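Single-structure report; data block below.
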Amino acid sequence: MDLDGLFAYDSVALNAQGDGVVIVDQTLLPWEERFLTLRDEYEVYEAIARLRVRGAPAIGIAAAYGLYVALRRVLERDGQGTGPDVDAEFRRIRDYLCSARPTAVNLSAALDRMTDCYMSVAGLGISGILSALRTEADAVKNDDMAMCRSIAEYGAGLITRPDMGILTHCNAGHYAVSRYGTALAPIYLAHSRGLAPRVYADETRPLLQGARITVLELMKAGVDVTLQCDSMAGSLMASGKVDMVLAGCDRVAANGDTANKIGTSVLAVLASYYGIPFYILGPTSSIDPSVPDGTGIPVEQRSPDEVTDLYFERRMAPAGVKVYNPAFDVTPAALISGIVTERGIFRPPFDFSNLKPDIQ
Ligand code: MRU
């Protein structure tokens, strides 16, 4: 079976009528695979902020389609708007969607692409503008799919023998992109080639993307997966069962410092101690050369209830306790063995100045 045989649908897509963004509500996984159709900027914003659609590439794609769908709705509702109004509406919707989550640069990168497209067709009239924006949003999704395929190939080159143990964190798989994933894509490819990788999935507190989503998609694909609490990673590495760590990314700074789900940097420190290679996988659209190092990456702070209440039958911390809940951490470049992109594997010292990898 090849990669396409593993996945029956795109995790984020435009509906057939072109007036809604279709997502799988990831807050309901693994209990229910419910598709939602988001019809305006408010629904798209809510879905991104609440993590109904999550994963850096997936939120970029959702925002690109969301911008198209919302603008189309506004223009159809207002009749044939005039130039300045279209401009104002475009910018209002774009800026609003861009503020839904701060860390993943894919969100602003996708909206920047939509803006460049809009600027290039602004004189065309409404149907021309909408048609160009729809084509561009499709391209954001299709490019993502192609990048994930390429990341799968480069990353699979690291899975050099049968039965390798791979530790992963959060979910950087099919649900986090349009298809295939980033950190999980090489695993699917190696699995399809008969190498039978053994995956260990961190549960990924507090929102359990590992336990709920990574485990679900790997099990559906028939990949050998074992779930562990985040705090068990040191014990697992000490046991010799982990050959490599593969994790996704939300934003890579110019020096290679990488923001990903909270807890990723802990794995990098442990991996360094135990001499285990630690790889980041993601498209070059996750690299942000405008940020010199990790201190410039904005880290989202989320609601305390995610730590104290969510996914527990009863609240499990005393009411009123102060809570620290950053959604991401930054792994220093010095702890990263390589960054696997659609263009190849960048090795330290990282230099993205011309976005050409050091090795293929
Ligand atoms: O808060 P989330 O679930 O959106 O965080 C997602 C991650 O940290 C992923 O590892 C990252 O976005 C890469 S997804 C291909």
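Laid out as a table, the results:
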{"item": "Convex hull of segment 37-145 built on C-alpha atoms - directionally averaged projected area, nm²", "result": "6.1"}
{"item": "Compactness relative to 2.2 N^0.38 Å, alpha carbon Rg of segment 232-310", "result": "1.26"}
{"item": "Given Lys241/Lys322; Lys141/Lys220; Lys220/Lys322; Lys141/Lys241, the pairs whose alpha carbons are separated by over 29 Å", "result": "Lys241/Lys322; Lys220/Lys322; Lys141/Lys241"}
{"item": "Sequence of Arg50, Arg77, Arg205 from largest to smallest accessible area, 1.4 Å probe", "result": "Arg77, Arg50, Arg205"}
{"item": "Inter-probe distance in nm under a simple model that places probes 7 Å from Cα toward Cβ, at Trp31 and Gln228", "result": "2.9"}
{"item": "The chain, relative contact order [Cα under 8 Å, separation at least 6], %", "result": "16"}
{"item": "Pairs of alpha carbons in segment 156-241 whose separation is greater than 15 Å (percent)", "result": "53"}
{"item": "DSSP-defined beta bridges in segment 202-357 - what % are antiparallel, rounded to 5", "result": "55"}
{"item": "For segment 180-294, alpha-carbon Rg relative to the globular expectation (2.2 N^0.38 Å, N residues)", "result": "1.07"}
{"item": "Sequence-separation-based contact order of segment 110-263, relative, with Cα cut under 8 Å and 6+ spacing, percent", "result": "21"}
{"item": "Accessible carbon and sulfur surface of the chain relative to its total accessible area, %, 1.4 Å", "result": "54"}
{"item": "For Ile262, distant residues with modelled amide H under 5 Å away", "result": "Phe328, Asp329"}
{"item": "Value of D in µm² per second that Stokes-Einstein yields for segment 117-197, Kirkwood Rh from Cα pairs, at 4 °C (1.567 mPa s)", "result": "89"}
{"item": "Accessible area (Å², per residue) of segment 46-187, counting only protein heavy atoms and a probe of 1.4 Å", "result": "34"}
{"item": "Å² per residue, accessible surface of segment 224-300 at 1.4 Å", "result": "36"}
{"item": "Order of exposure, largest accessible area first, which applies to Thr37, Thr264, Thr295, Thr160 with probe 1.4 Å", "result": "Thr295, Thr160, Thr37, Thr264"}
{"item": "At least 18 Å along the helix axis (C-alpha) and Kyte average at least 0.5, DSSP helices within the chain", "result": "56-77"}
{"item": "Estimated translational D of the chain in µm²/s (Stokes, Kirkwood radius over Cα pairs; 4 °C; 1.567 mPa s)", "result": "63"}
{"item": "Sum of -39500 (n - 2.57) over DSSP H runs of 4+, divided by residues of the chain (222 nm, nearest 500)", "result": "-11500 deg cm²/dmol"}
{"item": "10 Å Cβ shell holding at most 10 others, DSSP loop, GluC sites (Glu not before Pro): longest site-free stretch of the chain", "result": "33-312"}
{"item": "For the chain, size of Cβ-based charge dipole, Lys and Arg +1, Asp and Glu -1, in debye", "result": "480"}
{"item": "Relative contact order (%) - criterion: Cα under 8 Å, at least six apart; region: segment 173-250", "result": "28"}
{"item": "Long-range HN-HN contacts of Leu14 with modeled amide H, under 5 Å", "result": "Val22"}
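The values are calculated or read from the model by the stated rules, or taken from the named source; none is laboratory data. Only a predicted model underlies this, so the values are computations on that prediction, with no experimental measurement involved. Backbone-built Cβ (ideal geometry, glycine too); neighbour counts: all protein chains shown. These area figures cover heavy atoms from the full protein model, side chains too; ligands, DNA and RNA do not enter into them. Shrake-Rupley method; radii C 1.70, N 1.55, O 1.52, S 1.80 Å.
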